[in-house]
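Undergrad: Could you have a look at this structure, given as C-alpha cells, before my questions?
The numbers here are math on the coordinates, done by the rules we state, and not lab data. Just so it is clear, the model here is predicted, and its values are computed rather than measured. Ideal geometry is used to build each Cβ from the backbone, glycine not excepted, and the neighbour counts take in all protein chains shown.
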Amino acid sequence: ARARESLGQVSITELAGGGKATRNAILEELRGGYDVLYLVAHGKLASGRPVVFLETPEGTADPVPGEQFVADINSLQQRPALIVLASCQSAGQGEDASSRDEGALAALGPRLAAAGIPAVIGMQGNVSMETVVQFMPVFFRELQRDGVIDRAMSVARGAVSSRADWWTPVLFMRLKSGRLWYAPGFGDRRVSMEKWPGLLANIESGRCTPIIGPGLLETLIGTRREIAQRWAETYHFPMAPHQRDDLAQVAQYLAVQQGELFPRDELTRYLRGQMLQLLQPAPGSPQSRATLDELFTTLGKQRWQAGSDEPHWVLANLPLPIYVTTDPSSMIEEALRAAGKQPEIALCPWNDRMELAPSIFERDPDYEPSVERP
C-alpha cells in the first residue's frame, strides 16, 4: 500500500502476495518492458553478500543470492531505467515501524549499476517506515517533472531532513547528466501531440524523411550496450566500468588490440548467431549456411504481411521517396522490395573508402528519388 501511494499517478503492475512475487514471475513481467522496478522485500547479508527474499509459488520465502538477482536483471534485453530497493517493515508499529536489514538491499545498488541500470535507490541502513512514506511520494513527484533524478533525490531528502534517519536513502547512478528521460516524466499517453495532425498530413503527402537508427533491431538482436558489455568481458576491456557499455569505446579498443576489421567481423558473427537462434534452421540446411543479409531477409518475410506492425514493414509502405538508415541490417531495403518498390542504395561518403563506392547519382545523373523508386 505504501508503495502504491508513493508512486502517485504512475501506472503500475503489482506482484504482491499469494506467490506472485516469485523470481520467475518478476522476470517474466519485466520482459514486457518497464521504466521502474519498485521492489519491496526483506534482505540480509550472508557472509558479507546480499540476499533478497522473494516468494516461492506457494507464498513462502525464497532467499535469492544478490549475484543471482543482478544476473537476472542483466539478462533482460530492456532493463528498467530505475530500480528502487525498499526494505520491508521488520519491527515496531505505527511511527516506530522500521526495517531491520542493516541496508542489505542497498548492497545490491553498486552491482546493479555495474550491470547497466542507470539509477538505483536503496536504504543504506535501517530506516523508519515514516521516513519512507514521506520521502518516496516527493521523490516520484519531482522525478516526473523533468526526469532529473539527482535533483528529485535532493528535494526528497529535504522533505525528510527533520527526521533522524534522513540520510538513509542513497542513490547509485551511472548517468553523467542525471537525467533518466528527456520527455517530462511518465507523461499522460492519453494526451495527443498538438502537432500530430500536421505530422500525419506531411507523411501522407510524402513530406517526411524517416531516420532509422540501430535501435530498431534491439528487440531481435539485443542492445548496443549488451553487445559492448559482452565484448568487454570476453576481451578484458581495461577501462572504467561506466565505459564498458559504450560500444564505440569497446570497439575502438578491439580494433587496436585485435586488428582494424576485428570489431566488424565479431559483430557479424554475433548478429548471425542471433538470427540463427531466432530462425532455428535445421542443421546442414541451406538456411543454416545463409549470409547475414539473407537471414535478415528470411526473418523479415516471416513478419511482413498485410496488417503487420513490424516497424520496417510499416515504414516501407509509407509514400516516401527517401529513407536514411544507420541500421546494420538490410531490413528496410528488403522491406521496400517486399512492398513492391525498387530501392536504390547510396552510401554516405564519410571516409575515403566510402567515397570510392559508386553512387546511383553517378550511374544515373537523371535519377530522382520517388515513392516507387526510393
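Undergrad: Using Cα-only point scatterers and the Debye equation, what is log10 of I(q)/I(0) for segment 250-319 at each q in 0.17, 0.18, 0.27 Å⁻¹, rounded to two decimals?
TA: Those come out to -0.76, -0.80, -1.08, one per q.
Undergrad: Something else about it: Which cross-chain or sequence-distant (5 or more) residues have an amide H under 5 Å from the amide H of Val148, H modelled 1.01 Å from N in plane?
TA: Leu180
Undergrad: Using Cβ counts within 10 Å as a stand-in for footprinting exposure, how do His42, His312, His236 rank, fewest first?
TA: The most exposed by this proxy come first: His236, His42, His312.
Undergrad: Let me ask something else about it. Considering amide H positions built from the backbone, and no H for Pro or chain starts, which residues 5 or more places from His42, or on another chain, come under 5 Å of its amide H?
TA: Under 5 Å from the amide H of His42: Phe53, Cys88.
Undergrad: Across segment 25-39, in residue order, what do the Karplus-derived ³J(HN,Hα) couplings come to in whole Hz, using 6.51 cos²θ - 1.76 cosθ + 1.60 with θ = phi - 60° and x for Gly and Pro?
TA: 5, 5, 5, 4, 5, 5, 5, x, x, 10, 7, 10, 10, 10, 9
Undergrad: Another question, then. Return the Rg/Rh ratio of segment 2-173 with Cα-based radii and a Kirkwood Rh. It would help to have the intermediate numbers written out before the result.
TA: On the way: Rg = 15.1 Å, Rh = 16.2 Å.
Expressed as Rg/Rh, it is 0.93.
Undergrad: I've got another one for you. Post the alpha-carbon centroid distance, segment 243-278 to segment 109-123, in whole angstrom.
TA: Value for the Cα centre distance between the two parts: 26 Å.
Undergrad: Here is a follow-up. Based on the Cα atoms of the chain, what semi-axes does the equivalent ellipsoid have, where each is the square root of 5 times one gyration tensor eigenvalue, given in whole Å with the largest first?
TA: Equivalent ellipsoid of the chain: 45, 25, 21 Å, largest first.
Undergrad: Could you list which residues have their amide H under 5 Å from that of Ile212, counting only those 5 or more apart in sequence or on another chain, with H placed in the peptide plane?
TA: The answer is Val324, Thr325, Thr326.
Undergrad: A further question on this structure: How large are Rg and Dmax for segment 196-363 when only the alpha carbon atoms are used, in Å?
TA: 18.3, 52
Undergrad: For segment 149-161, in order, what is each residue's ³J(HN,Hα) by Karplus, 6.51 cos²θ - 1.76 cosθ + 1.60 with θ = phi - 60°, in whole Hz (x at glycine and Pro)?
TA: For segment 149-161, the Karplus curve yields 6, 5, 5, 4, 5, 5, 5, 5, 4, x, 5, 10, 5 Hz.
Undergrad: Which order do Leu254, Leu318, Leu112, Leu76 fall in if you start with the one that has the fewest other Cβ atoms within 10 Å?
TA: On the way: Leu254 22, Leu318 15, Leu112 25, Leu76 19.
Sorted ascending by nearby Cβ count, the order is Leu318, Leu76, Leu254, Leu112.
Undergrad: Using the Karplus curve 6.51 cos²θ - 1.76 cosθ + 1.60 with θ = phi - 60°, what ³J(HN,Hα) values do you get for each residue of segment 277-283, in whole Hz, with x for Gly and Pro?
TA: After applying 6.51 cos²θ - 1.76 cosθ + 1.60, I find 5, 6, 7, 6, x, 5, x Hz.
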